[in-house]
Structures are given as C-alpha cells and as structure tokens.
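First comes the structure, then the notes that go with it.
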Amino acid sequence: MCQDYATAPISGAEKALFAFLAKVNGRPWEMAREDVDGLRTSGWTDAAISDAFTVCALFNFYNRWVDAFGGHRMSEEHERMTGRRLAHQGYVR
C-alpha cells in the first residue's frame, strides 16, 4: 500500500481517493472540480472528501512546521513500534 496504492489490494474507490490525494500533494495547481466529481462518482460523500483533504492538508502543514523548526525523524525502529501500536490501538491510548 505504501509503495504503490494503484496496485494495492484496496477498492477502486480507495484508489480513486489516493489518486486525488496524490494530486493534492504533488500538483495542487491542477486541481479542478472534475477531481471532486470523480470521487463522488466513486461513492465518496462530500463529508468524506472534506475529511480526507483536511487530514492530508494538516499532515503537510505539520510536516513543514516541524521541518522548519528543526524537528528530527524518528528512528526506523521507533517508526515500526509506533506503526504497530497505531494498528492495534489507534490514536487513543
């Protein structure tokens, strides 16, 4: 999934959402009404599209903010541990 959402074993609707988010991240100046219309056609509601876009935008903001203020990456081991914890417990402890 993390390496190539287009070939991952996820639904067509999820692939459409990730393609939309990839465009938001990589070519935001190309975004058009048709991009959102395509998600609606795939079955996404306006609320779900808004949520996905907001999460994407906030992650971009926070990553840039942390980078600008000298934050550092976690070690690979810490990332793996955090990933396992989130997969089992979610964001709430």
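Observations on the model:
- Residue count, segment 4-18 (criterion: hydroxyl-bearing (Ser, Thr, Tyr) and without any contact (Cβ under 8 Å) to a residue 12 or more places away in the chain): 2
- Looking only at segment 1-55, and only at residues there that are surrounded by 12 or more Cβ atoms within 10 Å (Cβ to Cβ) and polar (S, T, N, Q), the one that is modelled with the lowest pLDDT: Asn25
- Qualifying residue in segment 25-35 (condition: closer than 20 Å to Cys2 by Cα, assigned to a helix (DSSP H, G or I) and within 10 Å of the chain's Cα centre (by Cα)): yes
- Residue match in segment 19-27 (condition: more than 22 Å from Gly83 (Cβ to Cβ) and in contact (Cβ under 8 Å) with a residue 24 or more places away in the chain): yes
The values are calculated or read from the model by the stated rules, or taken from the named source; none is laboratory data. Note that the structure is predicted; figures quoted are calculated from it, not measured. Neighbour counts run over all protein chains shown; Cβ positions are idealised from the backbone, glycine included.
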